[in-house]
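Visitor: If you scroll down you'll find the structure; I have some questions about it.
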Amino acid sequence: MGTVVSIDVWRADPVAAAFALDEAFEVLHDAEERFRALLTGDEPLDANGAVVRTWTAQHTADELIAQGMSDFCVNAGGDVVRHGAAATAAGLNAPPPMV
C-alpha cells in the first residue's frame, strides 16, 4: 500500500494488546495483497489510495474490536478510526493568526 499506518492502544493488558496488534497487522498485510491491482498498473482504479486507506483503517479497527480492544486509534494515511476513550480524547488547536 505504501501508506504509513499507526495504531495506538490504551488501557489494555500488554499481552492481549500485543496479540491484537499482531492480528491487526495481518489485516494490513492482507489489504496490501488484496488491493495491489487497484493501486498499480497502467490504469489504477484508486490512484491516490483513498478507498484502500478507508477500507484498511476500518477493517483494522474491526479486528482490534474483535480481539477485545476497547480504547484505540488507527490512522491509515490520514483516515482515522477512533474507538472508546480515544473517540473523545482528540482535539484541534486553532492555527496561529496570520500577520
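Visitor: For segment 19-47, give me the residue count where each residue is touching a helix residue (DSSP H, G or I) at 6+ places or on another chain (Cβ under 9 Å) and at pLDDT below 80.
Guide: Count: 7.
Visitor: Could you look through segment 6-18, keep only residues that are buried (at least 19 other Cβ atoms within 10 Å of the Cβ) and in contact with a helix residue (DSSP H, G or I) (Cβ under 7 Å, 6 or more places away or on another chain), and pick out the one that is farthest from Thr60 (Cα to Cα)?
Guide: For segment 6-18, the residue satisfying everything is Val9.
The values are calculated or read from the model by the stated rules, or taken from the named source; none is laboratory data. This structure is a prediction, so every number in the text was calculated from the model and none was measured. Positions of Cβ are generated from backbone atoms using ideal geometry, with glycine treated the same way; all protein chains shown enter the neighbour counts.
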